[in-house]
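I have placed the structure first, in the form of structure tokens, so that the comments after it can refer back to it.
The values are calculated or read from the model by the stated rules, or taken from the named source; none is laboratory data. Predicted, not measured: the structure shown is a model, and the values here were computed from it. Cβ placement follows ideal geometry from the backbone for every residue including glycine, while neighbour counts extend to all protein chains displayed. These accessible areas exclude ligands, DNA and RNA; they are computed on the full protein's heavy atoms, side chains included. Shrake-Rupley method; radii C 1.70, N 1.55, O 1.52, S 1.80 Å.
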2 protein chains.
Amino acid sequence: MRLATLRTGGTTVAAVAAGGSWAPLPHRDVGALLRDADGLATARASAGPGPLPAGADLAPVVPHPAKVVCCGHNYAGHIREMGRELPAHPTLFTKFADTLTGPADTVTVPGLAADLDWEAELAVVVGAPLHRATRDGAAAAIAGYTAANDLSVRSWQRHTGQWLPGKAFDATTPLGPVLVTPDELDPAAGLALTCRVNGERVQSGDTADLVFDAPALLAYISAFTRLSPGDVVLTGTPAGVGAATSPPRFLADGDVVEVSLQGVGVLTTPIRIEFEECA
Amino acid sequence: MRLATLRTGGTTVAAVAAGGSWAPLPHRDVGALLRDADGLATARASAGPGPLPAGADLAPVVPHPAKVVCCGHNYAGHIREMGRELPAHPTLFTKFADTLTGPADTVTVPGLAADLDWEAELAVVVGAPLHRATRDGAAAAIAGYTAANDLSVRSWQRHTGQWLPGKAFDATTPLGPVLVTPDELDPAAGLALTCRVNGERVQSGDTADLVFDAPALLAYISAFTRLSPGDVVLTGTPAGVGAATSPPRFLADGDVVEVSLQGVGVLTTPIRIEFEECA
């Protein structure tokens, strides 16, 4: 099953994909659907699809998660090529819900954030409460998978040892386009994850290469904080970010970034950098 | 004016202190009061105080902030005694709202989090929306000040370079007891901030020693993320944490930690460590 959150008429509505079109659901977004114990059953039993509402576009697939936890340093090939040991624990930080943006939205940053870099990621959406979960318990609580672009302002990320500022600019994390349930998609079996900038492929990863896969991440996180339906976990990015090239390469005003996750879809993000005019 | 959030009958209610007692307000907590544009005026005009409702105790003064941002390495004396340079930027990380707990609540952690350490802090509560604020704009948007104990699980904080896991255990951050408005309290003029463990003083700081004071922190944070009424910023802790003593000292089951902030009050926190029994 493939679920999305549609923007329509100043509000949003959850919808399930059926064939080439969409059936709207009674929930205002996919997060609300997951917080309703009968939400997934309602979606599975939904009536035949209607057309996409006129003027609708896609919101972040979960627009208002209570918690967004992100992992860094999580692709084994990239870690090994950098000459590092595989980590014993996942490197975790958070994002605020208002960092999320829709899968076709333009991302706008101020000129002070002009060293903007791409990070194609697999994202996991939680479907059931998790507290001190085992690996099996965590696996059973996964609602599904989606894609994210953890666009990062490298200078602000490196102001200190804690990455928050560079990861938390307003509306800089495209999430979507759809949530795909685990019966249709298995990241552990390997999904191609790529990033293109103006059509040029810059990242090419495989989700089978994750050091900490989705169940491992959810189990570790649930040891210290409770996870709830609709919470989102970003699993890290493979090799090929702009900051790691020589010389470093960052996004320019007018660039278009495309993150593609096999079986999920594509995030297409025009970049707008707003330089202030001098008086 | 001194505001608190009282727990009573399974819910909460905001209240204003008047003389030795409390006047209940129409808002469910101090966060809701601050999100109401007329909330502070309502509090100032509130009728004469009644007694504290029977069985009421204190909730975190803002129980459900949308954002909790915390600063580390922010007391100049402690930074200099460690032989470090004063930082150019604040070191920031986040907490989830469910890390907060009441000013007299017992804090319980699992045995795997037994290296629990204290951090007495001044906390700032936001009173107006802030986006790319100047220092003056940030100062004008401060609703008031309260105290926090950023109890930290040092092993989990150090699993990787990112501190989140050690800072995010459920209900481990006492916040309160009251919010004091800026007309009654000026941290820049110097407020004594102390921490005691079982009566022994272990931290003794002065809020005039902050490298990044409250307006500076809010202005910096608002450069990358929007702040809203009820958001909370923890400003960092002075010298004297347990991890920095030789040998390191951590809290034991049954210890009582008291954080005292001049003009605000005391957080009294009994510590409970739940070791699992072996089968």
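Am I reading the B/A interface right? What is its buried accessible area, both sides, 1.4 Å probe, to the nearest 100 Å²?
Values: alone 12030 and 12040 Å², together 21170 Å².
Chain pair B/A: roughly 2900 Å² of buried accessible area.
Among A:Asn74, A:Asn149, A:Asn198, determine the one that fluctuates most according to a GNM of chain A built with springs between C-alpha atoms less than 10 Å apart.
A:Asn198
Which one, A:Asn149, A:Val13, A:Ala114, projects farthest toward the positive side of the charge dipole computed for chain A from Cβ point charges (K/R +1, D/E -1)?
With unit charges placed on the Cβ atoms, the residue in question is A:Val13.
In segment A:61-78, what residues drop by 20 Å² or more in accessible surface going from the chain by itself to the full protein assembly, probe 1.4 Å?
Output list: A:Lys67.
Taking 8 Å as the Cα distance limit and 6 or more residues as the minimum spacing, I'd like the relative contact order of chain B as a percentage. Walk me through the intermediate numbers first.
Values: 731 pairs, mean separation 68.3, N = 279.
Relative contact order here is 24 percent.
Long-range amide H contacts for B:Asp57: which residues qualify at under 5 Å (H placed 1.01 Å from N, peptide plane, sequence gap of 5 or more or a different chain)?
HN-HN under 5 Å from B:Asp57: B:Arg7.
With a 1.4 Å probe and all protein chains left in place, how much of the accessible area of chain A comes from carbon and sulfur atoms, in whole percent? Before the final figure, lay out each step's value.
On the way: 5600 of 10590 Å².
Using a 1.4 Å probe with all protein chains present, chain A comes out at 53 percent carbon and sulfur.
Send over a whole-number figure in Å² for the accessible area per residue of segment B:93-168, probe 1.4 Å. Please report the intermediate quantities before stating the final value.
Values: 2020 Å² over 76 residues.
Result: 27 Å² of accessible area for each residue.
At 7 angstrom along the Cα-to-beta-carbon line, where would the label on A:Gly9 sit relative to the other copies? Give the distances in nm, shortest first.
Values, ascending and in nm: 3.9.
List the residues of segment B:84-104 for which accessible area in the full set of protein chains is at least 40 Å² lower than for the chain on its own; 1.4 Å probe, protein heavy atoms only.
B:His89, B:Leu92, B:Thr94, B:Phe96
If we count GluC sites (Glu not before Pro) as exposed when they sit in a DSSP loop and have at most 12 other beta carbons within 10 Å, what is the longest stretch of chain A that avoids them all? Before the final figure, lay out each step's value.
Working: sites that count: A:Glu85, A:Glu184, A:Glu276, A:Glu277.
Result for the longest clean stretch: A:86-183.
If you place +1 on the Cβ of every Lys and Arg and -1 on the Cβ of every Asp and Glu, how big does the dipole about the Cα centre of the protein assembly as shown come out, in debye to the nearest 20?
Working: 38 positive and 58 negative charges, 45 e Å.
So the dipole magnitude of the protein assembly as shown works out to roughly 220 debye.
With +1 assigned to the C-beta of every Lys and Arg and -1 to the C-beta of every Asp and Glu, and no other charges, what is the dipole magnitude of segment B:40-192 about the Cα centre in debye, to the nearest 20?
Numbers: 10 positive and 15 negative charges, 90 e Å.
Roughly 440 debye for segment B:40-192.
Using only the Cα atoms of chain B, build the gyration tensor, take square roots of its eigenvalues as a ≥ b ≥ c, and label the shape rounded, prolate or oblate: rounded if a/c is under 1.5, else prolate if a/b is larger than b/c, else oblate.
Values: a/c = 1.69, a/b = 1.20, b/c = 1.41.
Here chain B falls in the oblate category.
With a Förster radius of 45 Å, plug the Cβ-Cβ distance of B:Glu276 and A:Ala208 into 1/(1 + (r/R0)^6) and report the FRET value to the nearest 0.05. Walk me through the intermediate numbers first.
Details: r = 34 Å, r/R0 = 0.76.
Using R0 = 45 Å, I get an efficiency of 0.85.
In a GNM of chain B with a 10 Å cut-off on Cα contacts, which of B:Ser222, B:Ser204, B:Ser246 has the highest mean-square fluctuation?
Comparing B:Ser222, B:Ser204, B:Ser246 in the GNM, the peak value goes to B:Ser246.
Let me know the charge dipole size of chain A about its Cα centre in debye, to the nearest 20, where only the beta-carbon of Lys, Arg (+1) and Asp, Glu (-1) is charged. Display every interim value, and only then the final one.
Values: 19 positive and 29 negative charges, 112 e Å.
Once rounded to the nearest 20, the dipole reads 540 debye.
Calculate the mean, over all residues of peptide B:158-170, of how many other protein chain Cβ atoms lie within 10 angstrom of the residue's Cβ.
Numbers: counts 1, 7, 10, 7, 14, 5, 12, 10, 1, 2, 7, 3, 4.
Other-chain Cβ atoms within 10 Å of each residue's Cβ, averaged: 6.
What number comes out for accessible area per residue over segment A:191-264 if the probe is 1.4 Å? Units Å², please. Spell out each step's value before the answer.
Numbers: 2520 Å² over 74 residues.
Here the per-residue accessible area is 34 Å².
In chain A, which residue puts its Cβ closest to the axis that turns chain A onto chain B, and how many whole Å away is it?
A:Thr94, 2
Label B:His64 and A:Ser155 with points 7 Å out from Cα along Cα→Cβ: what is the distance between them in nm?
3.9 nm
Tell me which of B:Ala252, B:Gly161, B:Gln203 sits at the most positive position along the dipole axis of segment B:63-274, charges placed on C-beta atoms (Lys, Arg +1; Asp, Glu -1).
Of B:Ala252, B:Gly161, B:Gln203, it is B:Gly161.
Karplus couplings for segment B:218-225 from phi (6.51 cos²θ - 1.76 cosθ + 1.60, θ = phi - 60°), rounded to Hz, Gly and Pro as x?
5, 5, 4, 4, 6, 6, 10, 9
Let me check something: with ligands and nucleic acids excluded, how do A:Thr268, A:Thr146 order by accessible area (1.4 Å probe), largest to smallest?
The residues order as A:Thr268, A:Thr146, largest area first.
Can you list the residues in segment A:195-232 whose accessible area drops by at least 10 Å² when all protein chains are present, compared with the chain alone? Use a 1.4 Å probe, heavy atoms only.
A:Tyr220, A:Ala223, A:Phe224, A:Thr225, A:Arg226
Shortest first, in nm, what separates the label point of A:Arg44 from those of the same position in the other copies (7 Å along Cα→Cβ)?
Taking the point 7 Å beyond Cα along Cα→Cβ, the inter-copy spacings are 5.8 nm.
Say R0 is 41 Å: what FRET efficiency, to the nearest 0.05, do B:Ala17 and B:Ala88 get from their beta-carbon distance? Walk me through the numbers on the way to the answer.
On the way: r = 40 Å, r/R0 = 0.97.
The pair B:Ala17/B:Ala88 has a calculated efficiency of 0.55.
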